[in-house]
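Heads up: the structure comes next, in structure tokens.
Each value in this text was obtained by applying a stated rule to the coordinates, not by laboratory testing. Note that the structure is predicted; figures quoted are calculated from it, not measured. Note: ideal-geometry Cβ built from the backbone for every residue, glycine included; neighbour counts use all protein chains shown.
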Amino acid sequence: MKTLPPVSKPTKSLTVGAPAPAFELVDVAGSVLRSAELLRKGHLLLTFYRGAWCSCCKADLAEVSRATAALTSRNVTVLAVFHELSREASSRIQAEYSLPFPLVDDPNARAAEAFGIGRSTQEMAAIEAEFGPELIVLKLGEPWIQPMQARYLIGRDGIIAHSDVLIDYRERSDVAKLLPMLDVLQSKALHQN
């Protein structure tokens, strides 16, 4: 089995301590969700998924779903971010996994690009040239891993408290490991008020 070529690894992804970029996402009803408005409500957990076709992504959605009560009790808004997810696919996934959080779209992959996990047209062309015809088989007619799967926990102050960018499509970020970190963030927020 071929591994992802080196050109596909993000080199400029944002890390812990960096300010999160301003971004806009779109929910299934077409409403725009703005980062500033979301952060006014509390912390934000963004998980960028490769696509609705990805079995590892589906397993991660189920894991995040199981942890959502613990996350929301710590004042966290949970969003699952996809690129070019159709309304039908969103509804199907939402129903199949009984997700208690919204699936949102990242139009034109602008949020992924701002976080440094999207790929430019030139990067995609280099990946396709390096991977060859096998890439078409991997795509199964879907956009190919745009963006990288990544999870960001953003504190209410807009600073990235956790960053996990997954290169290997078989890996998943353990959402349960975020709970102690959230307890610390909550404690800091209480002491600042």
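Relative to the current alpha-carbon distance between E37 and S86, full extension at 0.36 nm per residue lengthens the span by 15.2 nm. Taking other C-beta atoms within 10 angstrom as a stand-in for reagent exposure, I159, I117, I154, I93 fall in the order I159, I93, I117, I154, fewest first. Using the Cβ-Cβ distance between A126 and S98 with R0 set to 41 Å, the FRET efficiency works out to roughly 0.55.
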